Amino acid sequence: WTPSGQSTQTATGLTAGFYTATIVDVNGCTATQTVTITQAQMPIISISGDSTLCLGQCTTLSASGGVTYSWSSGVTTYSLIVCPTTTTTYTVLGTDANGCTNAGIMTVTVNPIPIPAVSGQTTVCAGQSATICASGGIYYLWNTGATSACIMVSPSATTTYTITVNNGSCSDTSS
């Protein structure tokens, strides 16, 4: 094998380039054959899907960039439905048509669902006001349109006030 200098029937460890195999038979006759070895590029394996979920939600992760796939969970399809309960990193190995394999990695962050709590005076006489407050989140939206944690109300009849508490990506309501 030229230029590798190997003198075995099978050359190993060759890098990309041109190689000539010279074969000599028992009668001293020679033949040569030139071979071109190309270096295939590694596939770029990527994963799409929701990277942030609220606790209890699911998402479909889809791999691309290969022909066949193998997820760390053992699933061998291009997509995977996941319902993590904590922040989890998912890995898929993708193999292209040349047989080259590379990994795709995606971390799915799981945010807690806020637990809204409402406190304050629940009984007032007609014409009086009461302050009610919500807690358990970062952002608040009352059914009155108010966006502060505490609101002052002056109902003329029995009224239910509903609060939506949000922590940025997850929300819950209470009355």
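The values are calculated or read from the model by the stated rules, or taken from the named source; none is laboratory data. Computed from a predicted structure; not experimentally measured. Please note: Cβ atoms are built from the backbone with ideal geometry, for glycine as well, and neighbour counts cover all protein chains shown. Heavy atoms of the whole protein, side chains included, go into the accessibility calculation; ligands, DNA and RNA do not. Shrake-Rupley method; radii C 1.70, N 1.55, O 1.52, S 1.80 Å.
Annotations for the structure displayed:
- Carbon/sulfur fraction of accessible area - the chain, other protein chains in place, 1.4 Å, %: 54 percent
- Spin-label model distance (nm) - THR30 vs ASN102, 7 Å beyond Cα toward Cβ: 4.2 nm
- The smallest convex shape that holds all Cα atoms of the stretch 69-175, its convex hull, gives 121 Å³ per residue.
- Estimated distance in nm for a label pair at MET152 and THR68, the labels positioned 7 Å out from Cα along Cα-to-Cβ: 7.2 nm
- Separation of alpha-carbon centers, the stretch 1-27 and the stretch 99-138, rounded to whole Å: 69 Å
- Long-range tail of P(r) for the stretch 9-118 (Cα pairs > 16 Å, %): 70 percent
- Free-standing Cys residues across the chain, given no other cysteine C-beta under 4.7 angstrom: CYS29, CYS100, CYS125
- Solvent-accessible surface of the chain, averaged per residue with a 1.4 angstrom probe and all protein chains in place: 62 square angstrom.
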